[in-house]
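Just dropping this structure here.
None of the figures in this text is laboratory data; all of them are computed from the coordinates on show. Everything numeric in this text was worked out from a predicted model, so none of it was measured. No Cβ is skipped: glycine too gets one built from the backbone with ideal geometry, and neighbour counts run over all protein chains shown.
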Amino acid sequence: MKREPREITGEPKTNILFVGEAVTSAHVIRPLGLALGMDPDRYRVTFACDPRHERMVTNQGVVFEPLPALASDVFMKRLDRGAALYTVPELRACVQDDLRLMAKVKPDVIVGDFRISMGIASELSDIPYLALSNLHWSPNVRLPVPIPEHPLVDLFGLRIGGRIIARMIPFFFGLQSRGVNRVRRAYGLAPIAGRGAPEVYTHGTRTLYLDVPDLYGAQALSETEHCIGPVPWIPPMDLPSWWNELPTERPVAWVSAGSSGDSGVMEEAARALIHAGWTVMVATAKRMRAPTGAYAADFIPGTAAAERADLVVCNGGSAQTYQALACGKPVLGIPRNMDQYYMMEGLVRRGAGRLLRIGQATGTAIRDCAQAMLKNQSLHREAERLAAAIRKGNPADELDRIVRRLPAAAPGHATASVPRHVTARITGNSACVSAGSAV
């Protein structure tokens, strides 16, 4: 997806800072893929994320800056409970880290994936912030709110537990804005209004959705919202040693829990399909055990695996799902959190995938669903239609057009100077991922 540079002479470059919040790998991979598509003759690109992903960034020849993120296991535990994803002390520390980063890089524009604190820091520094998200989080998109996995569903079952959670979802959504608004008020900024989570997750000067809009039907977006298309880029990696020996006379499945799926369920899925006679590729991501008979590796190039597969079995998150759809392959999603449920329910409505809840994903159910999907030609046709829509788009071109229409993003506009009353609060070391952070 990297573009050929255009000839531009005597024109200053726009300094663009990409930020990936490393609570899941997708929030780093998506903006990095987008950054690699930007014209190097027009843009000076810097990429900031947690140091654990530094090699992935520098291997692509991109300038790296460290930006601490909340530990993934802490984030996932809070997400599973429906708790606030960040405490107030953590948000304050992240804002401080963001301001330090901006003072060093002096960006003309910032593009961030799920870096909630950057919506505060960018306003304090008067630098345009383009927030990357998915269309189902738009405050202007009205979709049925899914019931995610939650201890109440485990305890009471889907029918009763789901009713309880449905009543509690407005409270869960509100939790996501409560701490953010406390920090905003402390810095003299107006609070974010609305239901909570949708407004917080999409807050920025502009909001860019990494989606095929057809997946969501006709939706009326605001003038600051734009669908720029999915970014199915993956980091280059070696193919497994068994790649050229993979049997193809049987149906082939690619199974992966990713960085945020249920590894135990994905192990069961792999076993069930192997016993049903499928050839199964398993990407363990060092989180799951590959069953006997699987063609396994810690990491498998997602696009290459999807191209060889007849079916992709994953957590239903947008990153893996769009990799599969870009290759025209239907998805059997076994989601865990609300974001994944939103994505999979859209795919089911469009007719390019099937969804199994974790509590229903027995080996038998997975096998029967996969066998039915293999024979369902309409699923494959719809996945191919979505693949054609993905191929038509170029998210980096769309981003380029949006940036050039931002008056405040002109080259050299930003000095990343921080107001004096804000500077006084930037003291001490980052606490965003420290062991002492409040949980």
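Give a residue-ordered list of calculated ³J(HN,Hα) values for the range 31-42 (Karplus: 6.51 cos²θ - 1.76 cosθ + 1.60, θ = phi - 60°; whole Hz; x for Gly, Pro).
x, 5, x, 5, 4, 5, x, 7, 5, x, 7, 10
What is the set of long-range amide H partners of Glu65 at a cut-off below 5 Å, with H atoms built 1.01 Å from backbone N?
Correct list: Phe47, Ala48, Cys49.
For the chain, what's the relative contact order in percent, using C-alpha pairs closer than 8 Å and at least 6 residues apart?
Numbers: 854 pairs, mean separation 79.9, N = 439.
For the chain, the relative contact order is 18 percent.
Still on this structure, I have one more. Which of Lys375, Lys329, Lys77, Lys13 comes first, and how do the rest follow, when ranked by fewest Cβ neighbours within 10 Å?
So the ranking, lowest neighbour count to highest, is Lys375, Lys77, Lys13, Lys329.
Amide H of Ser25: which non-local residues (sequence gap of 5 or more, or other chain) have their own amide H closer than 5 Å, using H built in the peptide plane?
Under 5 Å from the amide H of Ser25 lie the amide H atoms of Ser259, each far enough along the sequence or on another chain.
Out of every Cα pair in the range 28-140, what percent are spaced more than 17 Å from each other?
Numbers: 3769 of 6328 pairs.
The proportion of pairs with Cα distances above 17 Å equals 60 percent.
Grab the Cα-Cα distance for Arg391 and Met237, subtract it from 0.36 nm times how many residues apart they are, and report the gain in nm with one decimal.
Once the chain is fully extended between Arg391 and Met237, it gains 53.2 nm.
Let me ask another. Within the range 244-276, whose backbone N sits under 20 Å from a point 7 Å along Cα→Cβ of Thr364?
Of the residues in the range 244-276, 265-276 have backbone N under 20 Å from the label point off Thr364.
A follow-up question, please. For the range 170-318, state the semi-axes of the equivalent ellipsoid (square roots of 5 times the eigenvalues of the alpha-carbon gyration tensor), sorted largest first and rounded to whole angstrom. Provide the component values of the computation, followed by the final result.
Working: eigenvalues 323, 65, 41 Å².
Output for the range 170-318: semi-axes of 40, 18, 14 Å.
Can you give the calculated 222 nm mean residue ellipticity of the chain, where each DSSP H run of n ≥ 4 adds -39,500 (n - 2.57) and the sum is split over every residue, rounded to the nearest 500 deg cm²/dmol? Walk me through the intermediate numbers first.
On the way: 15 runs with 178 residues, N = 439.
Mean residue ellipticity, 222 nm, calculated: -12500 deg cm²/dmol.
For the range 329-342, take each phi angle, set θ = phi - 60°, evaluate the Karplus expression 6.51 cos²θ - 1.76 cosθ + 1.60, and give the result in whole Hz per residue in order, putting x for glycine and proline.
Residue by residue, the range 329-342 yields 10, x, 10, 9, x, 10, x, 10, 10, 5, 4, 5, 5, 4 Hz.
Which far-off residues, 5 or more places away or on another chain, put their amide H under 5 Å from the one on Leu311, with H placed in the peptide plane?
Val252, Trp254
For the chain, what D do you get in µm² per second when you plug the Kirkwood radius from alpha-carbon pairs into Stokes-Einstein at 25 °C and 0.890 mPa s?
On the way: Rh = 22.4 Å.
The diffusion coefficient I find is 109 µm²/s.
How high is the relative contact order of the range 243-391, in percent, with contacts defined as C-alpha pairs under 8 Å that are six or more residues apart?
On the way: 294 pairs, mean separation 32.7, N = 149.
So the answer I get is 22 percent.
Then there's this: Over what distance in Å are the Cα centres of the range 242-264 and the range 119-142 separated?
Centre-to-centre (Cα) distance: 35 Å.
Turning to a different aspect of this structure: Evaluate the relative contact order of the range 139-275 (contact order divided by residue number), counting alpha-carbon pairs under 8 angstrom at least 6 apart; express in whole percent. It would help to have the intermediate numbers written out before the result.
Values: 90 pairs, mean separation 22.4, N = 137.
Once divided by the residue count of the range 139-275, the mean separation gives 16 percent.
Exposure proxy check: Ser25, Ser260, Ser241 ranked by fewest other beta carbons within 10 Å?
Values: Ser25 20, Ser260 24, Ser241 9.
Fewest-to-most ranking of Ser25, Ser260, Ser241: Ser241, Ser25, Ser260.
Taking the number of other C-beta atoms within 10 Å as the exposure measure, put Leu17, Leu399 in order starting with the fewest. Write down the numbers at each step before the final one.
Numbers: Leu17 31, Leu399 26.
In order of increasing Cβ crowding within 10 Å: Leu399, Leu17.
Can you list the equivalent-ellipsoid semi-axes of the range 243-391, largest first and in whole Å, using the square root of 5 times each Cα gyration tensor eigenvalue? Intermediate results must be reported in sequence, preceding the final value.
Working: eigenvalues 79, 58, 44 Å².
One finds semi-axes of 20, 17, 15 Å for the range 243-391.
Which whole-Hz ³J(HN,Hα) couplings does the range 398-403 yield from phi under the Karplus relation 6.51 cos²θ - 1.76 cosθ + 1.60, θ = phi - 60°, glycine and proline marked x?
Once θ is set to phi - 60°, the couplings for the range 398-403 become 5, 4, 4, 5, 5, 4 Hz.
Could you give the distance between the Cα centres of the range 88-113 and the range 373-406, to the whole Å?
Centre-to-centre (Cα) distance: 31 Å.
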